[in-house]
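A quick write-up on the structure given underneath.
The values are calculated or read from the model by the stated rules, or taken from the named source; none is laboratory data. Source: prediction; values computed, not measured. Note that each Cβ is placed from the backbone with ideal geometry, even for glycine, and that neighbours are counted across all protein chains shown. Note: areas computed on protein heavy atoms with side chains; ligands, DNA, RNA excluded. Shrake-Rupley method; radii C 1.70, N 1.55, O 1.52, S 1.80 Å.
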Amino acid sequence: MKPVTADRLSLNTATVKTAWTLAQSIDGCARHGIAGITPWRDVLQDMGVKQAARAIRDAGLTVPGLCRGGWYTAEGALTPQVLDDNKRAVDEAAAIGAECLVMVVGGLADGSRDLIAARSIVEEGLAHTLDYARDVGVPIAIEPLHPMYAADRACINTMGQALDICDRLGSGIGVVVDVYHVWWDPEVHAQIRRAGKDKLMGFQVCDWLLETRDMLNDRGMMGDGIINIPDLRAAVEAEGFAGLVDVEIFSSNDWWKRDPDEVLKTSITRSFETC
């Protein structure tokens, strides 16, 4: 397995969330030889979709994905507002040439304890978005999140659950493998094989710190934690995944406080050494 060099990397803008605008992130990728960028919608909208699309194209960057669509349970049921926002997300992904729209699907509705109902809402919402996304030509990628987020961020928590939905909904939908969310799953290798090349739409890396201080914003730089990242990369690449390795590090206690150029340099070094 070849080492991960800068030309195999993508910068997820969450990694420099508090320091750089999207324009600065695009410029940083170009200066450091990083091949791609995965924007979040807030920074994309701040820059302007058309302007961002032009800047990304002029910099020669690949866009592995746009983060994020989903959040279907935000209002307790599927509403026109939620569905319309996901259509806008599809359009934004198309405009910047994103290879997929990453879906963080939403957790329990406010006041609810009904996880089964939440998953039903999510699947119905995905079906609606997928109908539109097929016409636009944007693949939809479910990102299963670690079970600690089941209540507030994503009620789809394993690749198996995500792929069950994919099987029911048909073509144009797959999964993103974020090592932070799936490393613990005893079925992860079997589910990667089940997904195969067609449904493996993204691969995101960071690390799980043994003494995590914050459930959301204390991810580690690759090599600082306990995830066997090369094992998971080997598994997805064995199925034919040839996309960029997307560095996504939420780190309010550490990496968000550092010079973003240092963060990119370290990401390149650590990806080469530990991924």
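If you check every pair at least six apart or on different chains, which have Cβ atoms under 6 Å apart with a residue in the range 153-171 that is farther than 20 Å from Phe203 by Cβ and in contact (Cβ under 8 Å) with a residue 24 or more places away in the chain first and a residue that is part of a helix (DSSP H, G or I) and open to solvent by 10 Å² or more (accessible area, probe 1.4 Å) second?
Cys155/Leu115; Cys155/Arg119; Leu169/Ala127
Mind checking which residues of the range 201-224 are open to solvent by 30 Å² or more (accessible area, probe 1.4 Å), assigned to a loop (DSSP other than H, G, I, E, B) and in contact with a strand residue (DSSP E or B) (Cβ under 7 Å, 6 or more places away or on another chain)? Spell out the reasoning first.
First, pick out the residues of the range 201-224 that are open to solvent by 30 Å² or more (accessible area, probe 1.4 Å): 201, 208-217, 223-224.
Next cut, assigned to a loop (DSSP other than H, G, I, E, B) only: 208-217, 223-224.
Matches in the range 201-224: Trp208, Leu209, Thr212, Asn217, Gly223, Asp224.
Are any residues in the range 26-55 assigned to a helix (DSSP H, G or I), of a type in the set (A, V, I, L, M) and within 18 Å of the chain's Cα centre (by Cα), and if so, which ones?
Ile26, Val43, Leu44
Give the residues of the range 239-267 that are more than 27 Å from Trp20 (Cα to Cα) and loosely packed, with under 13 Cβ neighbours inside 10 Å, sorted by residue number.
Gly240, Ala242
Would you please name the residue that is farthest from Ala150 (Cα to Cα), looking only at residues in the range 41-72 that are touching a Lys or Arg at 6+ places or on another chain (Cβ under 9 Å) and open to solvent by less than 50 Å² (accessible area, probe 1.4 Å)?
The extreme case among them is Val43.
Cβ-Cβ under 8 Å, sequence separation 6+ or interchain: first residue in the range 225-236 and free of Cβ contacts under 8 Å to residues at least 40 places away in the same chain, partner in a helix (DSSP H, G or I). Which pairs?
Pairs that qualify, where the first residue is free of Cβ contacts under 8 Å to residues at least 40 places away in the same chain and the partner is in a helix (DSSP H, G or I): there are none.
Is it the case that Ser120 is of a type outside the set (A, V, I, L, M), over 17 Å from the mean Cα position of the chain (by Cα) and in a loop (DSSP other than H, G, I, E, B)?
It is false that Ser120 is of a type outside the set (A, V, I, L, M), over 17 Å from the mean Cα position of the chain (by Cα) and in a loop (DSSP other than H, G, I, E, B).
For the list (1) closer than 23 Å to Ile142 by Cα; (2) in contact (Cβ under 8 Å) with a residue 40 or more places away in the chain, I need the number of the one condition that Asp198 fails.
Exception for Asp198: condition (2).
Suppose we filter Gly160, Gly220, Gly174 for residues that are small (Gly, Ala, Ser) and out of contact with any helix residue (DSSP H, G or I) (no Cβ under 8 Å at 6 or more places or on another chain); which single one remains?
So the residue among Gly160, Gly220, Gly174 that is small (Gly, Ala, Ser) and out of contact with any helix residue (DSSP H, G or I) (no Cβ under 8 Å at 6 or more places or on another chain) is Gly220.
Quick check on the range 83-108: of everything there that is touching a Phe, Trp or Tyr at 6+ places or on another chain (Cβ under 7 Å) and more than 13 Å from Tyr132 (Cβ to Cβ), which residue is surrounded by the most Cβ atoms within 10 Å (Cβ to Cβ)?
The qualifying residue surrounded by the most Cβ atoms within 10 Å (Cβ to Cβ) is Val105.
Please tell me if Leu264 is touching a strand residue (DSSP E or B) at 6+ places or on another chain (Cβ under 9 Å), assigned to a helix (DSSP H, G or I) and over 30 Å from Val136 (Cβ atoms).
Criteria met by Leu264.
Looking at (1) in contact with an Asp or Glu (Cβ under 7 Å, 6 or more places away or on another chain); (2) outside any loop (DSSP other than H, G, I, E, B); (3) over 28 Å from Asp110 (Cα atoms), which is the one condition that is false for His189?
Every listed condition holds for His189 apart from (1).
For Gly125, indicate whether it is within 17 Å of Lys87 (Cβ to Cβ) and either in contact with a Ser or Thr (Cβ under 9 Å, 6 or more places away or on another chain) or not in a helix (DSSP H, G or I) (or both).
So Gly125 fits the description; yes.
Does Val236 count as open to solvent by less than 10 Å² (accessible area, probe 1.4 Å), over 12 Å from Thr15 (Cβ atoms) and assigned to a helix (DSSP H, G or I)?
Here the answer is yes, as Val236 does meet what is asked.
Please go through the range 14-25 and give me each residue that is open to solvent by 10 Å² or more (accessible area, probe 1.4 Å) and assigned to a helix (DSSP H, G or I), ordered by number. Step through it out loud before you land on a result.
Residues of the range 14-25 open to solvent by 10 Å² or more (accessible area, probe 1.4 Å): 17-21, 23-24.
Scanning the range 14-25 gives Ala23, Gln24.
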